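The values are calculated or read from the model by the stated rules, or taken from the named source; none is laboratory data. Because the structure is a prediction, the values reported are computed rather than measured. In this analysis, Cβ positions are derived from the backbone assuming ideal geometry, glycine residues included, and neighbour counts consider all displayed protein chains. To get the accessible areas, we keep the full protein, side chains included, count just its heavy atoms, and leave off ligands, DNA and RNA. Shrake-Rupley method; radii C 1.70, N 1.55, O 1.52, S 1.80 Å.
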Amino acid sequence: MKLNACLKSLVIGAFALALPMTALAAPAPIVIKFSHVVAVNTPKGQAAEYFKKLAEERTKGAVKVEVYPNSQLYKDKEEMEALQMGSVQMLAPSLAKFGPLGLKEFEVFDLPFIFDNYAELHKVTQGPVGAKLLKRLETKGLMGLAYWDNGFKVMSANKALRNVADFKGQKMRIQSSKVLDSQMRSVGAIPQVMAFSEVYQALQTGVVDGTENPPSNLYTQKMHEVQKYVTMSNHGYLGYAVLVNKKFWMGLPANIRAALESSMKDATVFANGVAKKDNDDAMAAVKKAGKSQIITLTPQERAAWKKAMDKTHKDNMGRIGADVVNEVYKVTGYKP
Ligand code: LMR
């Protein structure tokens, strides 16, 4: 009995000694939960993983980045709320999902045919207009750290979409952007807002007839397996802004924030470096899979889409803000 009691107090004593030592040796890391809705093998998915690697290395483990892909943690709308409430610390939502936050000016990126290529897009995202837009996030308690590229959208459906008239009555899933709503209506389609995580099933069961997305999303979500036709239209752009909760970010120790900023800078170079190739590869894989028929538009057919969708620009000038739209026109040289 006596020996047991003695052993017991020794063990307790050892624990009591060990506890503060452990606490000193390894303070709990700062956790950054990074939630997103796409697959890991997409430009955004890979860039998030790369950011995690750099951030953990450069802070020597003082920061732990937990990446939650594929809407595992939150769906589109919920993730924005979670960021504002501090339940997650980092997101990279599509620029087409900022309207519900009250930041309608980001919908300028959704205007059909506004960018002919990545070089034109970068003049905006890497220039003063892009910086000005990110600054507006602060009015919502958020901060925009970077723009990450995805790519130019294809249009898919169970009907061949070649001529403008082919859109008539087609139910098309869109992201939560009023500009995308107008774009679909301009060609006679019926737009339906839906979370990304629900699109595959909605296409499979016929809740919607078609959708638009860059090939990287179409392929990794297997949408091409439930769509008879894919039109390579490149009619619009889809990309991201990396967002953090401002209070969280500004509350970080300065040296940690600097290490994270440098990691974000390099992850952005990485993201924008892989986006085009990932989309080209995904398109090649969709073709190879042979599940859907690929439609290539003639220049005349594509011009007819542009002409019909051009209305979207005028109709949304007031919503986005004519100043923002005109600034983008100026840098990209957009002509109706
Ligand atoms: C979509 O909802 O179609 C996209 O925004 C998904 C994404 O994040 O690329």
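Rolling a 1.4 Å probe over the protein heavy atoms gives the chain an accessible area of 46 Å² per residue. Extending 7 Å from the Cα toward the beta-carbon at both A131 and Q192 defines two label points whose distance is 4.4 nm. Atom-type composition of the exposed protein surface of the chain places 58 percent of the accessible area on carbon and sulfur (1.4 angstrom probe).
Counting only residues at least eight positions apart within a chain, or on another chain, the aspartates and glutamates with an alpha carbon under 15 Å from that of K306 are D110, D116, D166, D315.
Around the Cα centre of the chain, unit charges on the Cβ atoms of Lys, Arg, Asp and Glu (plus for the first two, minus for the last two) sum to a dipole of about 180 debye. Comparing M184, M223, M317 in a Gaussian network model of the chain where C-alpha atoms under 10 Å apart are linked, the largest mean-square fluctuation is found at M317.
Report the equivalent ellipsoid semi-axes for segment 158-233 in whole Å, largest first, defined as the square roots of five times the eigenvalues of the gyration tensor built from alpha carbon atoms. Please list the in-between numbers first.
Details: eigenvalues 61, 42, 26 Å².
Values for segment 158-233, descending: 18, 14, 11 Å.
Can you pick out the pairs among K277/K335; K171/K288; K159/K276; K104/K135 whose Cα atoms lie more than 24 Å from each other? Cα-Cα > 24 Å for K277/K335; K171/K288; K159/K276; rest within. The stretch between D280 and N117 holds 57.3 nm of extra length on full extension. This uses 0.36 nm per residue minus the Cα-Cα distance. Size descriptors for segment 70-199 (Cα atoms only): Rg and Dmax, in that order, 15.8, 46 Å.
Report the per residue volume, in Å³, of the convex hull enclosing the C-alpha atoms of the chain. It would help to have the intermediate numbers written out before the result.
Working: hull volume 53.7 nm³, N = 336.
Each residue corresponds to 160 Å³ of Cα convex hull volume.
From the mean inverse distance of alpha carbon pairs (Kirkwood) and the Cα radius of gyration, derive Rg over Rh for segment 218-336. Numbers along the way, then the final one.
Working: Rg = 19.8 Å, Rh = 18.4 Å.
In segment 218-336, Rg relative to Rh is 1.08.
Computed with every protein chain present, the accessible area of I30 is close to 50 Å² [probe 1.4 Å].
Ordering Y74, N117, T312 by the projection of their Cα atoms onto the charge dipole of the chain, which places +1 on the Cβ of Lys and Arg and -1 on the Cβ of Asp and Glu, puts Y74 at the extreme positive end.
Other residues with beta-carbon under 12 Å from the beta-carbon of P128 carry, at +1 per Lys or Arg and -1 per Asp or Glu, a net charge of +3.
Quarter the surface of the alpha carbon convex hull of segment 181-286 and you get the mean projected area, 8.8 square nanometres. Within straight-line reach of K75, meaning a Cα separation under 18 Å, sit the following aspartates and glutamates at least 8 residues removed in sequence or on another chain: E66, E198.
If the viscosity is 1.002 mPa s and the temperature 20 °C, what Stokes-Einstein diffusion coefficient in µm²/s follows for segment 83-127 when Rh is the Kirkwood radius over Cα pairs? Stokes-Einstein gives a translational diffusion coefficient of 175 µm²/s.
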